[in-house]
Amino acid sequence: MKTGPLPRHLLSFLLLMLISLPLHADHLIMVRAHKPLAATLGQLRQAIQKQGYTVSRVDMVNIGLLGMGYTSNKYRAVFFGKAGELDELAQKYPRLVPYLPLRIAVFAEGDSTLLVTINPSTYGSFLPAEKPAELLNRWQKDIEEILSHVSR
Amino acid sequence: MQDNRIRLHFSIAIFLLFIIPLCSVSAAPDGARLFAMNCAACHGDRGNGGIGIPLSLPDFLGSVTDEFLFQTIRHGRPGRIMPSFRHLSNEQIDAIVSYIRNLTPVKVNLLPEGATGDPEKGRDVFARKCARCHGPLGKGGAGTGVNFTRLHNLPIVAPGLNNPGFLAAASDRIIRTTLLRGRSKTPMLPAAKMGLTIQDVDDVVSYIRSFEKGFQQSKNSATRSIEPTLLTSSKLPFDATVEKIKRAISAQRLRIIRSHSLDDGLVPQGSENKKRQVIFFGNLHQINTLLAIDPRMGLFLPNRITIMEQSDGKVLVAAVNPLRFGQLFNNANLEYTARELHNTYSTILGEITE
């Protein structure tokens, strides 16, 4: 069925309304999980895999924080991506490479744990010309899903 | 056929006309949910403070208007971590304001307008009585949050007063009330306890207001867009580039922590693309400094440089541009260390640039 101009405009208007209601317009997305770091990390790994990504590495960032007023050195950076995807991206968008693989920083705050990552829409602003819109949208959706799974 | 199409158009149009207003009206925004989604990560679930300062203290809520809260959320505090929430509707922000109000129900009670102060005298008062916490130019205290795994008795960071978001939200009356009353349970004492007279208070209020004059200038420099990535093409072949970069890192007296292929851990072992290598480097002092200024900096620590041979044989070298950190994290305190880091990267990349 071919749709005429009227509904198409209205439809795209409606779509625009839906798309333009992001939960996070900030450069970063940050959420709080009400559980200790270890439990959060476990759930995060699961959530990342459930969205179809591989965790490539979990880094300890702050080997030396003890003794600086910090009571624990509970800080990790979790890296993840899709096998194969990275190579193609590096070829096409070398500007994105320092921001890849995707990553989420995880750190303890009292009894809860904070998770922070770069909002994929920010990458869009890094690539003024031909943006991989579909990819950025997928990342956005997946990352929001992953973080909401963990903070639930 | 034509008829059917028109009917279809018509019914879709009617359907949309109904559904669009429903989208925005039917569900009154849920303040608790909006707060949990947008604010709790920094301010705590009940506004008790964390990376962001506490929002539930009676002295705070009794000394600020709904308009102050609304404008603070709308504009954020540029350069002070607190983001601007431009994408939220007025109704959503109102719902968040009501939620904050209900955290600690107290009556808003502003003290009366003061006399016109002398900003020059205020500058002197500020330097003597306020600068040690709020910074010499009123840009705010350094570091974030009370607790990011730190001892809970570390003081609350003093907010930036020389800040367009703060001054757009706060009337002189709110600033005066805050000064005269102080905020108990925080390091912010009432003026009398700091040894200030009423005249001092009015002078310092007019000095704080005078910060607004500097904003136009800094606005121009802030909107300049900064390249997110330092990207350069190497004059050397791949292996020689990797070696040269490693030597340049050591020459900066930075430690190479590890190096592996970019897709390490993502593809089956042995099938990595060896022509895309990441080198991780840094030193403990720098990592700790950056994390203390902003715990979110762990996203970019330790430092890394990626060397990649592209399909056309070109060797590219890429790193994040630290000059972008201030903007990315909305944290002006990162800028000094970021500039140092930028110099380091530039020197290293300079070794191989064609």
- Message: Quick check on the stretch B:246-259: of everything there that is without any contact (Cβ under 8 Å) to a residue 60 or more places away in the chain and within 32 Å of the chain's Cα centre (by Cα), which residue is surrounded by the fewest Cβ atoms within 10 Å (Cβ to Cβ)?
- Response: B:Arg253
- Query: Tally time: how many residues in the stretch A:52-62 are at pLDDT below 95 and more than 7 Å from chain B (Cβ to nearest Cβ)?
  - Reply: 3
- Among (1) within 30 Å of B:Leu291 (Cβ to Cβ); (2) open to solvent by less than 70 Å² (accessible area, probe 1.4 Å), the one test that B:Arg86 misses: (2)
- Residues of the stretch B:38-57 classified as more than 18 Å from B:Phe85 (Cα to Cα) and polar (S, T, N, Q), total: 2
- Query: Just checking, which of A:Arg45, A:Arg76 is more than 7 Å from every other protein chain (Cβ to nearest Cβ), part of a strand (DSSP E or B), open to solvent by 50 Å² or more (accessible area, probe 1.4 Å) and modelled with pLDDT of 90 or more?
  - Reply: A:Arg76
- Message: Criterion first (in contact with a strand residue (DSSP E or B) (Cβ under 7 Å, 6 or more places away or on another chain) and surrounded by fewer than 18 Cβ atoms within 10 Å (Cβ to Cβ)) does B:Phe280 satisfy it?
- Response: yes
- Query: Do we find that B:Ser171 is open to solvent by 40 Å² or more (accessible area, probe 1.4 Å), over 22 Å from B:Arg128 (Cβ atoms) and of a type in the set (Ser, Thr, Tyr) in this structure?
  - Reply: yes
- Of all the residues that make up the stretch A:101-111, how many are more than 7 Å from chain B (Cβ to nearest Cβ) and surrounded by fewer than 20 Cβ atoms within 10 Å (Cβ to Cβ)? 1
- Note on the structure: Across (1) touching a helix residue (DSSP H, G or I) at 6+ places or on another chain (Cβ under 8 Å); (2) modelled with pLDDT of 95 or more, B:Asn38 clears everything bar (2)
- Message: Given the options B:Pro58, B:Pro54, name the one that is open to solvent by 50 Å² or more (accessible area, probe 1.4 Å), assigned by TED's automatic domain parsing to the domain that holds B:Ser184 and at pLDDT 90 or above.
- Response: B:Pro58
- Sort out which residues of the stretch B:105-122 are in contact (Cβ under 8 Å) with a residue 12 or more places away in the chain, surrounded by fewer than 16 Cβ atoms within 10 Å (Cβ to Cβ) and not acidic (Asp, Glu), and write them in order of number. B:Val106, B:Lys107, B:Val108, B:Asn109, B:Leu111, B:Pro112, B:Ala115, B:Thr116
- Note on the structure: Of (1) crowded, with 17+ Cβ neighbours inside 10 Å; (2) in a loop (DSSP other than H, G, I, E, B), B:Arg304 satisfies every one except (2)
- Query: Mind checking whether some residue in the stretch B:123-132 is part of a helix (DSSP H, G or I), in contact (Cβ under 8 Å) with a residue 40 or more places away in the chain and crowded, with 19+ Cβ neighbours inside 10 Å?
  - Reply: yes
- Query: If you take the residues of the stretch B:276-312 that are aromatic (Phe, Trp, Tyr) and within 17 Å of B:His342 (Cβ to Cβ), which of them is farthest from the other protein chains (Cβ to nearest Cβ)?
  - Reply: B:Phe281
- Note on the structure: All conditions in (1) open to solvent by 40 Å² or more (accessible area, probe 1.4 Å); (2) within 10 Å of another protein chain (Cβ to nearest Cβ) are true of B:Leu266 except (1)
- Task: Could you check how many residues of the stretch B:232-245 are surrounded by 18 or more Cβ atoms within 10 Å (Cβ to Cβ) and closer than 14 Å to B:Phe280 by Cα?
- Result: 2
- Message: Tell me the residue from B:Gly195, B:Gly282, B:Gly214 that is of a type outside the set (A, V, I, L, M, F, W, C), under 32 Å from the mean Cα position of the chain (by Cα) and on the phi > 0 side of the Ramachandran plot, please.
- Response: B:Gly282
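The values are calculated or read from the model by the stated rules, or taken from the named source; none is laboratory data. Predicted model only: the values in this text are computed from it and were never measured. All Cβ positions, even for glycine, are placed from backbone atoms using ideal geometry, and neighbour counts span all protein chains on display. For accessibility, only protein heavy atoms count, side chains too; no ligands or nucleic acids. Shrake-Rupley method; radii C 1.70, N 1.55, O 1.52, S 1.80 Å.
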